[in-house]
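These notes concern the structure reproduced below.
The values are calculated or read from the model by the stated rules, or taken from the named source; none is laboratory data. Note that this is a predicted model, so its numbers are computed, not measured. Here the Cβ positions follow ideal geometry from the backbone for every residue, glycine too, while neighbour counts run over all protein chains shown.
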Amino acid sequence: MNILIVEDETKTANALKKGLEDSGYTVDVAYDGLDGLAQFSGGKYQLIVSDIIMPGITGIELCKRIRAIHPSIPILLLTAIDSKDNVVTGLDAGADDYLTKPFDFRELLARIRRLLKRSAPHTEFIDILHFADIEVNLKLKQVTRAGTTVTLTAQEFKLLEYFMRKPNTVISRTDLARDIWNIDFETGTNIVEVYINYLRNKVDKPFGKKLIHNLHGIGYILKEN
């Protein structure tokens, strides 16, 4: 597995490279955002690990540009800023996960294994998901409802895709927090409710028929009635 590390702190970058190589990965390092983008464009990687605050372009901007080239490659952001706004911005830019510095290297390895496992190719890949009058094109990252284009952020798209893959199935807040944001719901975060509301405002409210239903005290379900 080839991993690209984009990190401007030389000591941190070299430590990550050594640790990951000792764990069996092939690792390249870029020391700023623009170099990271250049290396990504010229190489073949299965995962990107990037700092957020860097010279050239930030990790968030790098994430946006990588997503424009490769919609599905896993991206893990590293941040020394424990800010919910910073994290949400990174996730909306297309990142799959994040870690706040300093972190336990074992946790980084666990996150990497999980992201690689989740992104491993399946024997059958479905390009388009349908439910009721919603259509989700996974390849083009496009959503329509009743023939009308619905514009979603990267994180809203990921949340809708999760529901579309589990129609008529009760999904708990704990499952969403773990599978979409890789966080423990018990930490008191309201990120699940916030993004459910964002998604409903775009996918449900303009069309007069609710499909994403709240089951009080249990979770949510995508259903027609």
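Structure values in brief
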read-out	value
Unique match (being more than 20 Å from Leu116 (Cβ to Cβ) and free of Cβ contacts under 8 Å to residues at least 12 places away in the same chain) among Ala80, Ala15	Ala15
Scan of segment 149-165 for residues that are surrounded by fewer than 15 Cβ atoms within 10 Å (Cβ to Cβ) and either of a type in the set (D, E, K, R) or at pLDDT below 95 (or both), ordered by number	Arg165
Residue satisfying condition, being surrounded by 14 or more Cβ atoms within 10 Å (Cβ to Cβ) and over 20 Å from Phe157 (Cα atoms), within set Leu76, Leu115, Leu62, Leu34	Leu34
Residue ID - farthest from the chain's Cα centre (by Cα), chosen from residues in segment 201-215 that are surrounded by 14 or more Cβ atoms within 10 Å (Cβ to Cβ) and under 18 Å from Asp175 (Cβ atoms)	His213
Positions within segment 6-50 being among the charged types (D, E, K, R) and touching a helix residue (DSSP H, G or I) at 6+ places or on another chain (Cβ under 9 Å), in sequence order	Glu7, Asp8, Asp28
Selection from segment 132-155 of residues that are part of a strand (DSSP E or B) and among the charged types (D, E, K, R)	Glu135, Arg145
